[in-house]
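The values are calculated or read from the model by the stated rules, or taken from the named source; none is laboratory data. Because the structure is predicted, anything quoted here is derived from the model rather than measured. Note that we place each Cβ from the backbone using ideal geometry, even for glycine, and neighbour counts take in every protein chain shown. The accessibility values were calculated without ligands, DNA or RNA, using every heavy atom of the protein model including side chains. Shrake-Rupley method; radii C 1.70, N 1.55, O 1.52, S 1.80 Å.
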Amino acid sequence: MASERLPSRPACLLVASGAAEGVSAPSFLHCFTLASSAFNLQVVTPGGKAMDFVDVDESNARWVQDFRLKAYASPAKLESIDEPICAVGHGVAALCSATNEDGSWVFQGYSVTGPSVYELIRAPGFARLPLVVEDFVKDAGASFSASEPDAMHVVLDRHLITGQNASSTVPAVHSLLFLCGSR
């Protein structure tokens, strides 16, 4: 299994959602596999909540099972992070819980992407979503952009990399590798 702790590699945090809707196993597997070749990885979620994987099938079930047994699979608290951050798709919602002591959003003034309203409204659970990332980002004082539904779209602003959806996973991780390599 990739990403055993090696002292010569820099650390990298993978932001995942702690929402009941879960984390896409295929998207997370791609992200983890790409990033683990270059970084010591740690997963972060809002409040350090455990991840629930969705879309688990025969092609990734064994990987998910093995992943859960590793020490780095226990999420750290997102609110305590100040290093490069990469969030993709519904994982961007995890960033919404990161607030300053005064209650303002940590990413106020940033440019961000995530699932567009057009992508979300197609899902059967749209009415039960606890928040719509696009609306939250705009209301919290940041800029939101999106491409066509299901299209690849990545935004890099300072130390934050966000991807619109699962199609954006690979370019988002490549942007993370670029950002960390330039530091």
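Quick check: with the 1.4 Å probe, what order do 152, 51 take by accessible area, largest first? Don't skip to the answer; put the middle values down first.
Working: 152 120, 51 10 Å².
Of 152, 51, the descending order of accessible area is 152, 51.
For the chain, modelled as a GNM whose springs connect Cα atoms under 10 angstrom apart, the maximal fluctuation among 92, 54, 43 occurs at 54. Positive end of the dipole of region 8-64 (Cβ unit charges, origin at the Cα centre): among 34, 24, 51, the Cα lying farthest that way belongs to 34. Across the chain, the longest run free of exposed loop sites, meaning GluC sites (Glu not before Pro) lying outside DSSP classes H, G, I, E and B with no more than 14 other Cβ atoms within 10 Å, spans 102-183.
Computed over the chain with a Gaussian network model linking Cα atoms closer than 10 Å, the most mobile of 127, 166, 76 is 127. Shown are 161, 81, 121, whose ranking by accessible area with a 1.4 Å probe and every protein chain present, most to least, is 121, 81, 161. Relative contact order of the chain: 22 percent, from C-alpha pairs under 8 Å at least 6 residues apart in sequence. Each other residue within a Cβ distance under 14 Å of residue 149 adds +1 if Lys or Arg and -1 if Asp or Glu, for a net charge of -3. In the chain, the DSSP-assigned H stretches of four residues or longer account for a calculated mean residue ellipticity at 222 nm of -6500 deg cm²/dmol, using -39500 (n - 2.57) per stretch and the full residue count as denominator. Expressed as a whole percent, the accessible area of the chain that falls on carbon and sulfur atoms is 54 (1.4 Å probe). Ordered from highest to lowest accessible area with the whole protein assembly present and a 1.4 Å probe, 30, 153 read as 30, 153. In a DSSP loop and with at most 13 other Cβ atoms within 10 Å, there are no chymotrypsin sites (Phe, Trp or Tyr not before Pro) in region 19-60. Average accessible surface for region 28-180: 49 Å² per residue, computed with a 1.4 Å probe over protein heavy atoms with every protein chain in place. Taking all protein chains as they are arranged and a probe of 1.4 Å, the heavy atoms of residue 150 leave approximately 90 Å² accessible to solvent.
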